[in-house]
Amino acid sequence: MDSLITAAARALAAGDPLGALKRVALRDDAPALALRGIAMAQIGDLVRATALLKSAARAFGRKEAVARARCVVAEAEIALVSRDLTWPAKALDAARATLEAHGDRINAAHARNVEVRRLLLIGRLDEAERMLATLDAAPLPPASRAAHELVVAGIAIRRLQTKSAREALTRARHAASEADIPALMAEVERASRLLITPAARLIARGEQRPLLLEEIEALPASGALVVDACRNIVRDARLAVPLATRPVLFALARALGEAWPGDVPRGVLIARAFRGKHADESHRARLRVEIGRLRAEIRTLADVKATKRGFALAPRRACEIAVLVPPVEEQHPAVLAFLADGESWSSSALAIALGASPRTVQRALEQLAAAGKVQSYGRGRARRWMTPPVPGFPTILLLPGALPGD
Amino acid sequence: MKRSAAEILREYGPFPGAEQVHGVSFDGRHVWFASGDKLNALDPASGETVRSIDVAAHAGTAFDGEHLFQIAEDRIQKIDPKTGRVLATIPAPGGGDSGLAWAEGTLWVGQYRDRKIHQIDPETGAILRTIESSRFVTGVTWVDGELWHATWEGDESDVRQIDPETGEVLEVLAMPADVGVSGLESDGGDQFFCGGGSSGKVRAIRRPR
């Protein structure tokens, strides 16, 4: 419709953002602003890109709803990639509805994909999964399809479903090579490495070995009783007892699990559970109480037997006890164990769950955030915490075209 | 002003390798349409594309009886349709050039978002005069002394005849919703050929008499 815009859009589609900019650098009409915004985003200047797309959306006329909606989707994707989670989700949803109403199926699907990625990023797995189910990926061009499959894989990995994760990653690899975008292919490879990188350590009969995601998934089915220090649960194939809210009980279970089939002296248990250096009579009394509580919690899975010098675990059904610990032991394992479910938490909910003071939890979260182990979004009471997203998260931009009638 | 719905007589395409149709023109036998990096000749009787010329083709196309004119980026190329060679280029009026037509020794260029039609000197590109429209201008064509142009704003598009002196709208043929006209050319008789933008189609509509 407009020669220079057409030429610039073609340059952009061919992966030449500088060529696109050259053609429309001096123009301030709506399509030129939109193209400049997308080109700037691809060059990596996300701040300038956002400003340009905003003014483009304003400059498009009343009748150019589709073009304006595409600007909004591009803006949302940039916000997502720059981890700006304050960006209004409602605007994205409205833009998607506009694109759908005008038959722009590709960009509507792209918008939906951005919405799902946002939910995954903020740790709303159930919602992300539900929305994913409504998304038809078929009309998507290869690049967006690859991004879509990465999201599917990301959810599967968080849910410890390695088979579906592997299948999604295979589809992602095909789509990425079809799209022929090196950055996207690298993204898929990075995500795929998670399946061949140890995700935890296994301690059994005094020996340690690294464990792949797949092996972690298979562990409960192997008939072993698993004391999982990544999520603070004790489980076998049939039953899981969460102890995340009972850090002392979990510490005891873990110490007993690590020593199995041997026993653990009282002094060691006291040191690990209460962090006490010397065991006096009051500690011994408290240990008896806590062992009694643990016994009640896990009674269907294992018995806790008294020995001459301390206690030992005796599994009811399982023939083996395995302790699962993170690849690297972290500070504040109890906090991380909660966040390991991949959902987002408020610090006050964490404090209640942990039975700790809000200040203590806040301090732990801040230390973990400084170490890059957790991240937050939102402010004040709305602030939520979660572990950084695992895979599935293309940082690459796959912005929609922003031309009217194009 | 007369207002009616455009009557679509026939649709051609989409054509393989041509994602978008920009300008259209007619040389008496074939419809030429610009598809980004090619000018393609379409036989309107059979609906087949019979040949193509590898040349940058981003917007309007015109035919002066001997040469093709094609807008690419910010210039207008003069092309020998027999050899496909670019014989000369002149600057386009600049910034958002859209439709192109030939009439009585001069070129007419639509400026999309500026809602203007410029008459320019085909030798130098100098602007001779400018007509204002009330809509975004895409294709432009002359037939029997009538100036017609296409408009496309968002999901609304029409083909309209305007008074070349005053710019007054004389007749409007409204396209169906979400059917856009990117390029326009008369066949000299009862039809207009319309480029369909990203639909990748060329449409023939009836010219009212």
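Against the test of being farther than 21 Å from residue A:204 by Cβ and either crowded, with 16+ Cβ neighbours inside 10 Å or assigned by TED's automatic domain parsing to the domain that holds residue A:227 (or both), the options A:333, A:242 yield a single qualifying residue, A:242. Please tell me if residue B:148 is more than 23 Å from residue A:27 (Cα to Cα), among the aromatic types (Phe, Trp, Tyr), touching a Leu at 6+ places or on another chain (Cβ under 7 Å) and buried (at least 17 other Cβ atoms within 10 Å of the Cβ). For residue B:148, the condition - more than 23 Å from residue A:27 (Cα to Cα), among the aromatic types (Phe, Trp, Tyr), touching a Leu at 6+ places or on another chain (Cβ under 7 Å) and buried (at least 17 other Cβ atoms within 10 Å of the Cβ) - is met.
The residue list B:125, B:110 contains one member that is touching a residue at least 40 places away in the same chain (Cβ under 8 Å), part of a loop (DSSP other than H, G, I, E, B) and under 24 Å from residue B:57 (Cβ atoms), which is B:125.
Step by step: first the residues of region B:180-206, then only those that are more than 14 Å from residue B:33 (Cα to Cα) and more than 10 Å from chain A (Cβ to nearest Cβ), then the one that is most open to solvent (accessible area, probe 1.4 Å). Which residue is that? The extreme case among them is B:206. Please verify whether residue B:37 is away from chain A (no Cβ under 14 Å), open to solvent by 10 Å² or more (accessible area, probe 1.4 Å) and of a type in the set (D, E, K, R), treating the condition exactly as stated. When the stated conditions are applied, residue B:37 does not pass them.
From the list A:86, A:50, the lone residue that is in contact with a Phe, Trp or Tyr (Cβ under 8 Å, 6 or more places away or on another chain), over 30 Å from residue B:157 (Cβ atoms) and not small (Gly, Ala, Ser) is A:86.
For the criterion of being out of contact with any Leu (no Cβ under 9 Å at 6 or more places or on another chain) and either open to solvent by 50 Å² or more (accessible area, probe 1.4 Å) or of a type in the set (D, E, K, R) (or both), residue A:186 fails.
Out of curiosity, is residue B:41 under 21 Å from residue B:180 (Cβ atoms) and not basic (Lys, Arg)? So residue B:41 does not fit the description; no.
Criterion applied to B:29, B:3, B:51, B:10 was being open to solvent by 40 Å² or more (accessible area, probe 1.4 Å) and under 17 Å from the mean Cα position of the chain (by Cα), and the one residue passing it is B:29.
In summary, helices (runs of 4 or more DSSP H) completely within region A:1-82 and bearing 2 or more residues that are modelled with pLDDT under 95, away from chain B (no Cβ under 14 Å) and within 28 Å of the chain's Cα centre (by Cα) occur at A:30-43, A:46-59, A:65-81. The helices (runs of 4 or more DSSP H) located wholly in region A:249-350 that include 1 or more residues which are touching a helix residue (DSSP H, G or I) at 6+ places or on another chain (Cβ under 7 Å) and modelled with pLDDT of 85 or more occupy A:266-274, A:281-297.
Number of residues in region A:63-81 that are out of contact with any Lys or Arg (no Cβ under 9 Å at 6 or more places or on another chain) and open to solvent by 40 Å² or more (accessible area, probe 1.4 Å): the value is 1. Given the structure, is residue B:110 surrounded by fewer than 24 Cβ atoms within 10 Å (Cβ to Cβ) and within 14 Å of chain A (Cβ to nearest Cβ)? Taking the combined requirement at face value, the residue does not satisfy it.
The values are calculated or read from the model by the stated rules, or taken from the named source; none is laboratory data. Quantities reported herein were computed from a predicted structural model and do not represent experimental measurements. Don't worry about glycine lacking a Cβ; one is built from the backbone with ideal geometry, like all the others, and counts go over all protein chains shown. Ligands, DNA and RNA are stripped out before the accessible areas are found, and what is left, the full protein with its side chains, is counted by its heavy atoms. Shrake-Rupley method; radii C 1.70, N 1.55, O 1.52, S 1.80 Å.
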